[in-house]
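For reference, the structure discussed in these notes is given below.
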Amino acid sequence: MKIISINTGSSSLKFSLFNMDDESVIASGLFERIGIEGSNYTIKFNGEKVNQQVELNSHVDAVKVLLDKLIDLGIISSLNEIDGIGHRLVHGKDKYRESVLINDEVVEDLDKFKCFAPLHNPANILGINAFKEALPNVPMVGVFDTAFHQTMDSTTYLYAVPYSWYQNHGVRKYGFHGTSHRYIAETVKEMLGKDEFRLISCHIGNGGSITAIKDGKCVDTSMGFTPLAGIMMGTRSGDIDPSIIPYVMEQEGKNASEVIDDLNKRSGLFGMSEYSSDMRDILEKCGQQDEKAIVARDKYVRRVVDYIAQYYVLLGGADVIVFTAGVGENSIPVRRQICEELACFGVKIDLDKNNVRGEVVKISTDDSSIDVYVIPTDEELMIARDTLHLINR
Ligand code: ADP
């Protein structure tokens, strides 16, 4: 069985084609600058990489080129080999608690919920429609970023604001990165060989969220009504006092959406360091004793530690902490600093074992009170697994 996982952005389309017999990636790639001058695609397969400029006026064009190229490059011999298409969908509000076969109702809901994810849901619809046009008989599955977090209880997902905001406008915590946290939960479950465990999953990349997981289910997560909440990120502030917003509006003569834009795009590591949103750059500057970079790094670590500590209490302890995504998988010094700040919980890191990037490794010592792992996330595989599961049902 061959399944294609799709992640559509407003001007991009990422894909991975899996052979689900052994869950191997047959080909993967990215179509960029769709509808913008300079559009191009990259396809990787068999250790080769093809990159070409091509006019892509729409997502429909991108899907056409993708399917043609899969055949031209000999990656598949016929489109009939594609058994299912899995789409990463961002916001399913509180209606979608798990992945679903895509039908008209799902597309209508994505449109209905677009005020909750104004950049992502419309892009997801473009992706679905483009594949529907190109491969009308191939079943499609939607895998929502928000679905995994639907097991949070109302004490957790409600904000302490007028209840009518929730009732009338859907103001609540939704959480994001759910597919990644679910992948981590399933991997840990398999590794431990049991269903009962307390896990704190740290997805720390450019965006970042931390999730408390009990027996495979989400209990709480750090992102909120939008991905702006929670820990400090590459360019996002994470949690702040909301009164800062009207104050800065007045001081800088900006409107609310301009200030929210500052909080999304010009805050976090970038805002604090006034240098870069990329942790590698920040660490390099720290090496040069740059004070702003040092404070940015330390604040970043502190916010992760704050959430781990909070979730340790919420879960009544923790069996496993996992680091994943760009920083979590690759940044040896950041993992070390976080673990050292968790020493009061009995967390002990093995500095040799921590010297890894992008591999599944236990980095804690044998006498650490909590097992700490690096596990590379794989949202594309999770989407392909759900797709296979639903089309086989
Ligand atoms: P996104 O949220 O866009 O998916 P990623 O998960 O790819 O982001 O994470 C990107 C982040 O990962 C960047 O801040 C980058 O600095 C960080 N990163 C990647 N490789 C390394 C590395 N070797 N050391 C430190 N940070 C790294």
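The values are calculated or read from the model by the stated rules, or taken from the named source; none is laboratory data. Keep in mind that this is a model prediction, so the values were computed, not measured. Every residue, glycine among them, receives a Cβ derived from its backbone with ideal geometry; neighbour counts consider all protein chains shown.
Could you count how many residues in the range 88-107 are surrounded by 15 or more Cβ atoms within 10 Å (Cβ to Cβ) and farther than 22 Å from THR151 by Cβ?
2
Quick one: what pairs do we get from the range 71-84, first residue over 18 Å from VAL141 (Cα atoms), second surrounded by fewer than 16 Cβ atoms within 10 Å (Cβ to Cβ) and of a type in the set (D, E, K, R), C-beta under 9 Å, 6+ apart or different chains?
Pairs that qualify, where the first residue is over 18 Å from VAL141 (Cα atoms) and the partner is surrounded by fewer than 16 Cβ atoms within 10 Å (Cβ to Cβ) and of a type in the set (D, E, K, R), are LEU73/GLU48.
Within the range 242-298, work out how many residues are assigned to a loop (DSSP other than H, G, I, E, B), farther than 19 Å from ILE231 by Cβ and not acidic (Asp, Glu). Reasoning before the result, please.
Step one: of the range 242-298, the residues assigned to a loop (DSSP other than H, G, I, E, B) are 242-243, 253-255, 266-267, 274-278, 288-290.
Filter again for farther than 19 Å from ILE231 by Cβ, leaving 243, 253-255, 274-275, 288-290.
Subset that is not acidic (Asp, Glu): 243, 253-255, 275, 288-289.
Result for the range 242-298: 7.
Filter the range 348-380 down to residues that are under 19 Å from the mean Cα position of the chain (by Cα) and in a loop (DSSP other than H, G, I, E, B) and give me whichever is farthest from GLU186 (Cα to Cα). Even if it seems obvious, please write down each step before you answer.
Kept after step one, since they are under 19 Å from the mean Cα position of the chain (by Cα), are these residues of the range 348-380: 357-360, 373-380.
From what is left, the residues that are in a loop (DSSP other than H, G, I, E, B) are 357-360, 375-378.
Numbers: ARG357: 21, GLY358: 18, GLU359: 16, VAL360: 14, ILE375: 11, PRO376: 13, THR377: 11, ASP378: 11 Å.
For the range 348-380, the residue satisfying everything is ARG357.
So which residues in the range 116-136 are closer than 18 Å to PHE176 by Cβ and in a loop (DSSP other than H, G, I, E, B), if there are any at all?
PHE116, ALA117, PRO118, LEU119
Scan the range 358-393 residue by residue and report those that are surrounded by 16 or more Cβ atoms within 10 Å (Cβ to Cβ), closer than 19 Å to ILE6 by Cβ and not hydrophobic (A, V, I, L, M, F, W, C).
Matches in the range 358-393: THR377, ASP378, GLU379, GLU380, ARG385, ASP386, THR387.
Kindly indicate whether SER267 is within 16 Å of the ligand (Cβ to nearest atom), farther than 27 Å from HIS181 by Cα and surrounded by 20 or more Cβ atoms within 10 Å (Cβ to Cβ). Reasoning before the result, please.
On the way: within 16 Å of the ligand (Cβ to nearest atom): yes; farther than 27 Å from HIS181 by Cα: no; surrounded by 20 or more Cβ atoms within 10 Å (Cβ to Cβ): yes.
So SER267 does not fit the description; no.
Is it true that PHE323 is in contact with a Lys or Arg (Cβ under 6 Å, 6 or more places away or on another chain), aromatic (Phe, Trp, Tyr) and either within 16 Å of the ligand (Cβ to nearest atom) or in a helix (DSSP H, G or I) (or both)? Write out each step before concluding.
Values: in contact with a Lys or Arg (Cβ under 6 Å, 6 or more places away or on another chain): yes; aromatic (Phe, Trp, Tyr): yes; either within 16 Å of the ligand (Cβ to nearest atom) or in a helix (DSSP H, G or I) (or both): yes.
Taking the combined requirement at face value, the residue satisfies it.
What tally of residues in the range 27-58 results from selecting those that are within 23 Å of LYS2 (Cα to Cα) and either exposed (fewer than 11 other Cβ atoms within 10 Å of the Cβ) or of a type in the set (A, V, I, L, M) (or both)?
Residues in the range 27-58 being within 23 Å of LYS2 (Cα to Cα) and either exposed (fewer than 11 other Cβ atoms within 10 Å of the Cβ) or of a type in the set (A, V, I, L, M) (or both): 8 in total.
For PHE148, all conditions in the list (1) surrounded by 24 or more Cβ atoms within 10 Å (Cβ to Cβ); (2) on the phi > 0 side of the Ramachandran plot hold save one; what is the number of the exception?
(2)
Residues in the range 300-320 that are within 16 Å of the ligand (Cβ to nearest atom), out of contact with any Cys (no Cβ under 7 Å at 6 or more places or on another chain) and within 19 Å of GLY224 (Cβ to Cβ): how many? I'd like the intermediate steps shown before the answer.
At the first step, the residues of the range 300-320 found to be within 16 Å of the ligand (Cβ to nearest atom) are 300-301, 303-304.
Subsequent filtering for residues that are out of contact with any Cys (no Cβ under 7 Å at 6 or more places or on another chain) retains 300-301, 303.
Then keep just the ones that are within 19 Å of GLY224 (Cβ to Cβ); that gives 300, 303.
So the answer is 2.
Would you be able to tell me the number of residues in the range 350-386 that are more than 16 Å from the ligand (Cβ to nearest atom) and touching a Ser or Thr at 6+ places or on another chain (Cβ under 6 Å)?
Residues that pass the stated criteria total 5.
Yes or no: the range 274-284 includes at least one residue that is of a type in the set (Val, Ile, Thr), within 12 Å of the ligand (Cβ to nearest atom) and modelled with pLDDT of 95 or more. Lay out the reasoning, then the answer.
Quick first cut of the range 274-284, residues of a type in the set (Val, Ile, Thr) only: 282.
Checking the rest, the ones that are also within 12 Å of the ligand (Cβ to nearest atom) come to 282.
Narrowing further to those that are modelled with pLDDT of 95 or more: 282.
Yes, because at least one residue in the range 274-284 is of a type in the set (Val, Ile, Thr), within 12 Å of the ligand (Cβ to nearest atom) and modelled with pLDDT of 95 or more.
Just for the range 137-152: of the residues that are in a loop (DSSP other than H, G, I, E, B) and closer than 18 Å to TYR96 by Cβ, which one is farthest from the chain's Cα centre (by Cα)? Can you show your working first?
Here is the first cut: in the range 137-152, the residues in a loop (DSSP other than H, G, I, E, B) are 137-139, 145-146, 152.
Those still in the list that are closer than 18 Å to TYR96 by Cβ too: 139, 145-146, 152.
Values: PRO139: 24, ASP145: 7, THR146: 10, MET152: 18 Å.
Filtering the range 137-152 for residues that are in a loop (DSSP other than H, G, I, E, B) and closer than 18 Å to TYR96 by Cβ, the one farthest from the chain's Cα centre (by Cα) comes out as PRO139.
Restricting to the range 293-306, give me the number of residues that are under 20 Å from the mean Cα position of the chain (by Cα) and either of a type in the set (Val, Ile, Thr) or buried (at least 24 other Cβ atoms within 10 Å of the Cβ) (or both).
So the answer is 4.
Check LEU192, LEU199, LEU135 and return the single one that is farther than 26 Å from ARG280 by Cα and crowded, with 20+ Cβ neighbours inside 10 Å. Show your work before the answer.
Values: LEU192 fails: crowded, with 20+ Cβ neighbours inside 10 Å; LEU135 fails: crowded, with 20+ Cβ neighbours inside 10 Å.
Answer to the check: LEU199.
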